[in-house]
Each structure stands twice: as structure tokens, then as C-alpha cells.
1. Output ³J(HN,Hα) for region 133-141: one whole-Hz value per residue in order, computed from phi by the Karplus curve 6.51 cos²θ - 1.76 cosθ + 1.60 with θ = phi - 60°, and x for Gly and Pro.
2. Please give the Cα centre distance for region 50-64 versus region 84-163, rounded to the nearest Å.
3. Whole-Hz Karplus ³J(HN,Hα) for region 69-81, in order, using 6.51 cos²θ - 1.76 cosθ + 1.60 and θ = phi - 60°, x for Gly and Pro?
4. Would you pull out the residues with amide H under 5 Å of His145's amide H, same chain only if 5 or more places away, H placed 1.01 Å from N?
5. Please give the contour-minus-distance gain from Arg66 to Phe30: 0.36 nm per residue of separation, less the Cα-Cα distance, rounded to one decimal in nm.
6. Determine the gain in length on full extension of the stretch Gln97-Thr175; use 0.36 nm per residue of separation and subtract their C-alpha separation, reporting nm with one decimal.
7. Tell me, what are the semi-axes, in whole angstrom and largest first, of the equivalent ellipsoid of the chain as set by the roots of 5 times the Cα gyration tensor eigenvalues?
8. When a footprinting reagent is the concern and you count Cβ atoms within 10 Å, what order do Ile119, Ile41, Ile159 take, fewest first?
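Read the figures in this text as sums done on the coordinates, not as results from a lab. Please read these numbers as outputs of a predicted model, since none were measured by experiment. Don't worry about glycine lacking a Cβ; one is built from the backbone with ideal geometry, like all the others, and counts go over all protein chains shown.
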Amino acid sequence: MATQHTPAPTPLTPRRTGRPEDGATSRAPFATAATLATARIALGAVFLWAFLDKTFGLGYGTAAGRAWLDGASPTEGFLGHVAAGPLRGTFHAMAGQTWVDWLFMASLLGLGLALLGGIGLRIAAVGGTALLALMWAAEWPPARHLADGTASGSSNPLIDYHLVYALLLAVLAVTGAGTTWGLGHRWTALPAVRTRPWLH
């Protein structure tokens with residue numbers, strides 16, 4: 001007598017054992033992947049928006065007429081006003097330098113596109129962490145007072161959004177968060193990428 005074959009359960013296929021919790025358990029992997037993908041897309045939008053606002057002067061962080069395309073430097077205002085920390089002089093010297101502007105803007109664009117597309121997340125995590133670490137050092141949250149003696153306004157000497165973003169970048173990279181709602185599978189299937197795990 002022929003027997004009915006029941007396919008092995010997958011993370012998205014609830015096992016039919018009659019226990020009510022099985023459906024919830026089997027949906028958990030997809031829920032986790034969807035949560036990570038949502039975080040990835042949201043963080044990508046943060047970086048891409050910063051690039052667009054600084055490039056075109058959309059009137060939020062960058063006023064109209066002060067855009068990169070208008071000839072203004074996207075780093076001069078921020079780095080030129082660093083008022084605390086051991087790298088204050090270094091940042092002042094870097095402010096407005098053409099190579100710094102290009103590197104900063106390319107980083108914002110690259111991070112935004114990589115995160116939104118779900119590609120090259122390992123490179124994005126390393127490069128993004130370096131960028132965020134420099135921005136953290138420029139704001140220097142450990143300082144209670146600025147160079148002129150006024151209160152810095154820092155609410156936490158260590159953890160701020162720069163470090164939270166860097167941690168999230170690392171989590172997205174190690175969990176392969178680009179495969180859900182992204183081009184991660186197609187990206188890692190490319191011959192040049194498949195043989196170089198650091199490009200994943």
C-alpha cells in the first residue's frame with residue numbers, strides 16, 4: 001500500500017504535530033530575518049539621506065545654497081567646529097580639504113547603497129565602523145566641557161548613536177542580512193565575489 005510522503009519541514013513551513021506553538025516557532029527564523037532586513041534598510045536610508053541632503057541642500061541638515069553642488073564643503077562646518085577631544089587640531093586641519101570631502105561623501109553614498117541593496121555588507125561594516133569611529137571622536141562624548149569651558153551637553157561618555165550604528169553594521173554583516181529583501185544572494189553568486197568571502 002502506498003504511503004503518503006510528508007516533506008521535511010523548513011523554517012517557513014510549520015510542522016504539523018498538533019501543538020499550537022509549532023507554527024510560531026517555525027515562523028521565528030523569518031521574523032528574525034525580516035527584522036534584520038528592516039534594520040538594514042532603515043540604516044541605509046539614514047546614510048543615503050545624509051548624502052542627498054549634503055549634495056543637494058534639501059533644507060534639513062544642509063541649507064539651500066550650502067550644498068556640495070553649490071561649492072560648499074560638506075565637512076568644513078562639522079570638522080571646523082570640533083571643540084573637544086585629543087584629535088581636535090587634526091580635525092580642524094582636515095576640515096574643508098577636497099580629499100576629505102570626497103572620501104566622506106563617497107562613504108555616505110557607498111554605505112547607503114550597500115545597505116539598501118544588501119550587498120557588500122562586510123566591507124560596509126568595516127568602512128562604516130571606521131567612519132563612525134572618526135565621527136564619534138570628533139564629537140568626543142567623554143568630554144563634560146568644551147575647549148572654551150562651556151558644557152558639552154554630552155549625555156553619555158561612551159555610548160552614542162555612532163557606536164550603536166557601528167554595532168548594528170557588524171550584526172548585519174555577520175548575519176547575512178542582505179539576503180532578505182535585498183540582493184545578497186545574487187551578489188554572493190557573482191564569480192568575483194563567490195571566491196572572495198570578504199566581499200560578501
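1. 5, 5, 5, 4, 5, 5, 7, 6, x
2. 18 Å
3. Once rounded to whole Hz, the list reads 5, 8, x, 7, 8, x, 10, 4, x, 6, 6, x, 10.
4. Ser152
5. On the way: separation 36, 0.36 × 36 = 12.96 nm, distance 4.38 nm.
The span from Arg66 to Phe30 would gain 8.6 nm if fully extended.
6. 24.4 nm
7. Numbers: eigenvalues 374, 81, 43 Å².
Semi-axes (√(5λ), whole Å): 43, 20, 15.
8. On the way: Ile119 21, Ile41 17, Ile159 12.
Fewest to most other Cβ atoms nearby, the residues stand as Ile159, Ile41, Ile119.
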